[in-house]
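Participant: Sending over a structure as structure tokens; questions will come in a sec.
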Amino acid sequence: MSKLTEQYTDLDKLRHSCAHVLAQAVKQKFPQAKLGFGPPVEGGFYYDIQLPEPLSDADLEAIEKEMEKIVKADYVFEKKMVSADEARKIFKNLGETFKLEIVNELEGSEDISVVVDGDFTDLCKYPHAHSTGLIKAFKLTSIAGAYWRGNENNPVMQRIYGTAFHSKKELDEFLRVREEAKKRDHRKIGKELDFFSVQEDGGPGLIFYHPKGALLRHLIEEFVKAEHLKRGYQFVIGPQILKSDIWVKSGHFSYYKENMFVFKSEEKEYAIKPMNCPGHMLIYRTKIRSYRDLPLRFFEMGNVCRNEKSGVLHGLLRVRNFTQDDAHIFCMPDELQKEIASVVDFVFFVLETFGFKEREIEISTRPKDSIGTAEDWERAQGALEGALKSKGIVYKICEGEGAFYGPKIDIKIKDALGRAWQCSTIQCDFALPERFDLEYAAADGQKHRPVMLHRAILGSVERFMGTLLEHYAGALPLWLSPVQVTLIPVAQSHEAYAEEICVGLREAGFRVELKTSSETLGARIRNAQNEKIPYMVIVGDKEAQAKKVAVRSRQGGDEGQVTLGEFVRRLNGEMSTKGVT
């Protein structure tokens with residue numbers, strides 16, 4: 001039995017079965033359709049199908065109705081093992097050219113399985129529900145384009161996405177969250193709040209930060225930098241480009257070259273860095289290091305570039321140019337577990353400060369294509385697991401999903417909708433210090449090899465910023481809001497007093513915007529609400545006479561009059577708590 005088969009949950013089986021029912025319904029509605037793949041994926045399933053014409057939303061509704069008939073018929077999913085010749089005959093008669101391609105690749109390597117339900121036959125080796133009647137609640141959700149087998153030189157398929165659950169209640173909750181997620185889409189919020197843009201004539205996957213977005217990014221980075229300094233990290237900055245020889249030595253050319261921007265200058269080949277680790281190792285080896293210098297923690301807000309395919313780019317979440325809060329810790333082997341545990345504490349503190357209280361922890365082990373010795377991989381994984389166990393942290397193992405140079409801890413945060421986002425990573429590496437001949441002078445007078453931890457807390461600053469916007473639906477907490485207070489004078493005659501208040505708030509360290517009376521009072525209040533600004537301060541005759549301000553909060557509405565001093569104390573109190581709720 002394959003690893004994927006063993007990992008199939010009952011829900012995976014249900015969704016995979018629903019993908020078959022989808023394909024069956026499409027073939028009944030469109031006999032000329034050619035079938036590709038139909039796997040379960042996170043949140044549902046899809047099926048890649050070649051059709052002569054693009055499908056519409058009306059077509060999806062018609063396909064769903066056909067699927068309902070197949071479910072009602074309660075066909076049993078029957079798996080049959082056949083020879084390659086038999087499989088070729090079956091799918092040639094059905095006109096399924098993509099299935100024939102797979103059959104030809106499988107010939108001689110394994111038995112070929114086909115699955116039959118009713119009069120429909122598909123090529124599939126993975127498990128299914130017992131029958132179509134067990135599919136109680138499903139929904140087709142969207143259509144996208146996809147190259148056959150992900151190769152841009154292959155035909156374009158129509159990828160039909162859907163989801164399925166064991167009950168209608170679960171499906172309804174999924175669809176509710178899905179609709180809420182649309183409202184929270186960071187691309188929509190980023191445009192509404194004027195935070196950032198992606199401009200195709202500037203290049204796909206490249207972010208233009210507008211003033212408020214740039215300020216938000218600054219606030220995130222300044223907080224993270226300050227926390228690194230508190231913990232003994234040293235700031236370094238590596239160049240944006242390195243000669244290709246360095247990337248060959250590190251192994252990145254073997255594993256990532258197709259995702260790197262490579263160019264020539266004076267007949268020498270260079271690459272724009274897709275990660276920061278080689279630069280930090282080159283800094284490490286510029287002088288002799290003593291065991292007394294270790295652990296040595298290098299930190300960089302490192303700007304990197306990766307040549308991602310345009311089809312996978314997605315707002316701030318998947319870009320070609322981004323910044324990592326990247327650090328590399330060089331330590332002695334007996335310091336390794338303590339350093340990992342310290343990084344875990346640091347990660348949890350930062351994430352909780354930003355408001356992320358829930359998380360999932362994974363350890364990814366050695367992939368088939370990797371460098372380093374089995375002994376070092378075992379030592380590295382043991383240190384990662386030991387650090388988590390020492391803190392009583394529950395984790396799951398992801399077999400074969402580590403980096404090419406070492407195993408890793410991945411930390412996924414849960415947002416307000418319960419969605420998981422990949423964020424922090426801690427990677428343990430014995431291999432690259434060996435490749436770059438890194439050493440330290442030990443207490444015994446001999447030269448020894450350090451171990452290196454690669455770690456990022458936010459991961460990509462861009463991705464983290466997008467996650468924040470979706471988590472808070474754009475209503476950022478006070479300490480992260482680019483504009484914390486909007487000052488609104490009722491009329492032009494109140495602008496002098498408003499400016500006086502504005503100066504007081506800025507001197508107290510707050511970010512203030514003054515909205516003068518070119519629009520009506522109601523329009524300016526609505527604009528501030530739409531901009532999701534935490535506080536509005538309104539001043540008119542009563543406030544000017546009493547030397548007070550009328551406060552209106554984003555959450556509580558009108559809160560009455562207070563003195564400027566009282567308002568500043570309130571803001572300072574809220575700022576001091578940051579992520580504490």
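Participant: Count, please, the residues in the range 205-253 that happen to be outside any helix (DSSP H, G or I) and within 30 Å of VAL483 (Cβ to Cβ). Talk me through it step by step, then tell me what you get.
Facilitator: Going residue by residue through the range 205-253, those that are outside any helix (DSSP H, G or I) are 205-210, 231-243, 251.
If we keep only those that are within 30 Å of VAL483 (Cβ to Cβ) too, we end up with 205-210, 235.
Qualifying residue count, the range 205-253: 7.
Participant: Hey, could you check the range 56-95 for residues that are of a type in the set (Val, Ile, Thr) and surrounded by fewer than 19 Cβ atoms within 10 Å (Cβ to Cβ) and say which is nearest to the chain's Cα centre (by Cα)? Working first, answer last.
Facilitator: Step one: filter the range 56-95 for residues of a type in the set (Val, Ile, Thr), giving 63, 70-71, 76, 82, 90.
Those still in the list that are surrounded by fewer than 19 Cβ atoms within 10 Å (Cβ to Cβ) too: 76, 82.
Working: VAL76: 39, VAL82: 41 Å.
Per the stated criteria, the residue is VAL76.
Participant: I need the full set of residues from the range 302-340 which are under 20 Å from ALA387 (Cβ atoms) and surrounded by fewer than 18 Cβ atoms within 10 Å (Cβ to Cβ), in order please.
Facilitator: Within the range 302-340, MET332, PRO333, ASP334, LYS338 meet the criteria.
Participant: I need a count of the residues in the range 87-105 that are touching a Lys or Arg at 6+ places or on another chain (Cβ under 9 Å) and more than 20 Å from GLN50 (Cα to Cα).
Facilitator: Looking only at that region, the number is 1.
Participant: Please specify each residue of the range 242-261 satisfying the condition of being under 21 Å from ASN303 (Cβ atoms), surrounded by fewer than 15 Cβ atoms within 10 Å (Cβ to Cβ) and under 28 Å from the mean Cα position of the chain (by Cα).
Facilitator: GLU258, ASN259
Participant: Follow-up. Scan the range 267-300 for residues that are under 26 Å from ALA441 (Cα atoms), touching a residue at least 24 places away in the same chain (Cβ under 8 Å) and in a loop (DSSP other than H, G, I, E, B) and jot them down. Steps first, please.
Facilitator: Taking the range 267-300 first, the residues under 26 Å from ALA441 (Cα atoms) are 276-300.
Retained after the next criterion (residues that are touching a residue at least 24 places away in the same chain (Cβ under 8 Å)): 276-285, 288-291, 293-300.
Of everything in the range 267-300, those that are under 26 Å from ALA441 (Cα atoms), touching a residue at least 24 places away in the same chain (Cβ under 8 Å) and in a loop (DSSP other than H, G, I, E, B) turn out to be ASN276, ARG285, ILE288, ARG289, LEU294, PRO295.
Participant: Okay, moving on. Out of all the residues in the range 311-320, is one or more part of a helix (DSSP H, G or I) and at negative phi?
Facilitator: Taking the range 311-320 as the starting set, the residues that turn out to be part of a helix (DSSP H, G or I) are 311-312.
Add one more test, that the residue is at negative phi, and what stays is 311-312.
Yes, because at least one residue in the range 311-320 is part of a helix (DSSP H, G or I) and at negative phi.
Participant: Oh, and also: Kindly check whether there is at least one residue in the range 127-139 that is without any contact (Cβ under 8 Å) to a residue 40 or more places away in the chain, of a type in the set (Ser, Thr, Tyr) and farther than 23 Å from SER56 by Cα.
Facilitator: No, that holds for no residue.
Participant: Filter the range 523-570 down to the residues that are over 22 Å from GLU495 (Cβ atoms) and assigned to a helix (DSSP H, G or I), then identify the one that is nearest to the chain's Cα centre (by Cα).
Facilitator: Restricting to residues being over 22 Å from GLU495 (Cβ atoms) and assigned to a helix (DSSP H, G or I), the top hit is ASN530.
Participant: Could you tell me whether ARG435 is within 20 Å of HIS280 (Cβ to Cβ) and without any contact (Cβ under 8 Å) to a residue 24 or more places away in the chain?
Facilitator: No.
Participant: If ARG511 satisfies all but one of (1) of a type in the set (D, E, K, R); (2) surrounded by 14 or more Cβ atoms within 10 Å (Cβ to Cβ); (3) more than 18 Å from LEU571 (Cα to Cα), what's the number of the condition it fails?
Facilitator: Result: ARG511 fails condition (3) only.
Participant: Which of the following residues is in contact with a Phe, Trp or Tyr (Cβ under 8 Å, 6 or more places away or on another chain), among the hydrophobic types (A, V, I, L, M, F, W, C) and modelled with pLDDT of 95 or more: LEU384, LEU388? Reasoning before the result, please.
Facilitator: Values: LEU384 fails: in contact with a Phe, Trp or Tyr (Cβ under 8 Å, 6 or more places away or on another chain).
Exactly one residue qualifies, and that residue is LEU388.
Participant: Further question: I need a count of the residues in the range 515-540 that are surrounded by fewer than 16 Cβ atoms within 10 Å (Cβ to Cβ) and closer than 23 Å to GLY573 by Cα. Spell out the reasoning first.
Facilitator: First pass over the range 515-540, keeping only residues surrounded by fewer than 16 Cβ atoms within 10 Å (Cβ to Cβ): 516, 518-523, 526-527, 529-530.
Those left that are additionally closer than 23 Å to GLY573 by Cα: 529.
Residues meeting the conditions: 1.
Participant: HIS448: under 30 Å from LYS287 (Cα atoms) and either modelled with pLDDT under 95 or out of contact with any His (no Cβ under 9 Å at 6 or more places or on another chain) (or both), yes or no? Spell out the reasoning first.
Facilitator: Working: under 30 Å from LYS287 (Cα atoms): yes; either modelled with pLDDT under 95 or out of contact with any His (no Cβ under 9 Å at 6 or more places or on another chain) (or both): yes.
Yes, satisfied.
Participant: Can you tell me which residues in the range 182-192 are in a loop (DSSP other than H, G, I, E, B) and touching a Leu at 6+ places or on another chain (Cβ under 8 Å)?
Facilitator: Let us first name the residues in the range 182-192 that are in a loop (DSSP other than H, G, I, E, B), namely 184-185.
Hit for the range 182-192 is ARG184, nothing else.
Participant: Regarding the range 259-266, can at least one residue be identified that is closer than 23 Å to PRO333 by Cα, in the same structural domain as THR467 (by TED's automatic domain parsing), of a type in the set (Asp, Glu) and not in a strand (DSSP E or B)? Spell out the reasoning first.
Facilitator: Initial filter on the range 259-266 (closer than 23 Å to PRO333 by Cα): none.
Taking every residue of the range 259-266 in turn, none turns out to be closer than 23 Å to PRO333 by Cα, in the same structural domain as THR467 (by TED's automatic domain parsing), of a type in the set (Asp, Glu) and not in a strand (DSSP E or B).
Participant: Examine the range 453-462 for a residue that is within 27 Å of GLY44 (Cα to Cα), free of Cβ contacts under 8 Å to residues at least 40 places away in the same chain and under 18 Å from the mean Cα position of the chain (by Cα), and state whether such a residue exists.
Facilitator: No - not one qualifying residue is present in the range 453-462.
Participant: Output the number of the condition that ASP410 fails; it satisfies all remaining conditions of (1) under 26 Å from GLY302 (Cα atoms); (2) over 21 Å from the mean Cα position of the chain (by Cα).
Facilitator: (2)
Participant: Right, next: Can you tell me how many residues in the range 153-202 are buried (at least 16 other Cβ atoms within 10 Å of the Cβ), in contact with a strand residue (DSSP E or B) (Cβ under 7 Å, 6 or more places away or on another chain) and not hydroxyl-bearing (Ser, Thr, Tyr)?
Facilitator: 12
Okay, residues lined up against (1) farther than 25 Å from SER460 by Cβ; (2) surrounded by fewer than 18 Cβ atoms within 10 Å (Cβ to Cβ):
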| position | (1), (2) |
| --- | --- |
| ALA383 | yes, no |
| SER390 | yes, yes |
| ILE393 | no, yes |
| ALA403 | no, no |
| PRO407 | no, no |
| ALA416 | no, yes |
| ALA420 | no, yes |
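Participant: Being over 21 Å from THR425 (Cα atoms) and surrounded by 16 or more Cβ atoms within 10 Å (Cβ to Cβ) is the filter here, so list the residues in the range 292-301 that pass it.
Facilitator: As a first pass, look at the range 292-301 and keep what is over 21 Å from THR425 (Cα atoms): 292-294.
The answer is LEU294, and nothing else.
The values are calculated or read from the model by the stated rules, or taken from the named source; none is laboratory data. Note that the coordinates shown come from a computational prediction; the quantities given were computed from them, not determined experimentally. Because the Cβ atoms are built from the backbone with ideal geometry, glycine has one as well, and the counts that use them run over all protein chains shown.
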